[in-house]
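Single-structure report; data block below.
The values are calculated or read from the model by the stated rules, or taken from the named source; none is laboratory data. Just so you know, these numbers come straight off a predicted model, no measurement behind them. Note that we place each Cβ from the backbone using ideal geometry, even for glycine, and neighbour counts take in every protein chain shown.
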């Protein structure tokens, strides 16, 4: 059975657990939805969970096909994201090892469109994780997929939207500020990579319950 996902910026552990199955298809034909993982992610900082958002050129008067949403560079969001990530994870066990790769993914190229950025970042993270999953995309928009696991909106930070997912069990692992902050489950996969390093791949694979 195929798994249908939205695109994601620095996707969370649940997202990558589904990509790792090799059965995931990314929605490329929907209209953009704001305030979703399509253009933001969550990381752990000294002050708690922090949301990083890629700003987009938003036209409130028309629908915006996801494949053509432009990134807004009016503010230096790339530099801001990297500085926030660096401050959050500089003391993590594997930061120095992975930092150059992650910085290049976020700051190395000025992508014109969000879809282009997210695909490049996702491929880069799969490479860091040593996962050979191929990114596959829809060719038309279908509102409902009978016979497929539809998580286009089901992987969400909003409890009322998050779909019941018996195939995923959020793993618990070491986090940077665990001595004074409660564990936060299912953050951006960056959190797992910087904290667990080479073990991140196996942790993701074990989180998927087929």
Filter result for residue 57 (over 20 Å from residue 158 (Cβ atoms) and touching a strand residue (DSSP E or B) at 6+ places or on another chain (Cβ under 8 Å)): yes
Selection from the range 1-20 of residues farther than 29 Å from residue 88 by Cα and either assigned to a loop (DSSP other than H, G, I, E, B) or out of contact with any helix residue (DSSP H, G or I) (no Cβ under 7 Å at 6 or more places or on another chain) (or both) yields 1, 2, 4
Filtering the range 21-71 down to residues that are more than 18 Å from the chain's Cα centre (by Cα), without any contact (Cβ under 8 Å) to a residue 60 or more places away in the chain and part of a loop (DSSP other than H, G, I, E, B) yields 47, 57, 58, 59, 60, 61, 62, 63, 64
**Prompt:** Before we move on, is residue 147 surrounded by fewer than 17 Cβ atoms within 10 Å (Cβ to Cβ), more than 27 Å from residue 70 (Cα to Cα) and more than 16 Å from the chain's Cα centre (by Cα)?
**Reply:** yes
query = Any residue in the range 93-103 that is closer than 27 Å to residue 147 by Cβ and modelled with pLDDT of 95 or more?
reply = no
Going through (1) under 20 Å from residue 65 (Cα atoms); (2) in contact with a strand residue (DSSP E or B) (Cβ under 6 Å, 6 or more places away or on another chain); (3) surrounded by fewer than 17 Cβ atoms within 10 Å (Cβ to Cβ) one by one, residue 116 fails only at (2)
Counted residues in the range 72-99 being assigned to a loop (DSSP other than H, G, I, E, B) and either free of Cβ contacts under 8 Å to residues at least 60 places away in the same chain or buried (at least 18 other Cβ atoms within 10 Å of the Cβ) (or both) come to 7
Residue 132 passes all but one of the listed conditions (1) more than 15 Å from the chain's Cα centre (by Cα); (2) in contact (Cβ under 8 Å) with a residue 40 or more places away in the chain; the exception is number (2)
Counted residues in the range 8-30 being under 25 Å from residue 164 (Cβ atoms) and surrounded by fewer than 19 Cβ atoms within 10 Å (Cβ to Cβ) come to 4
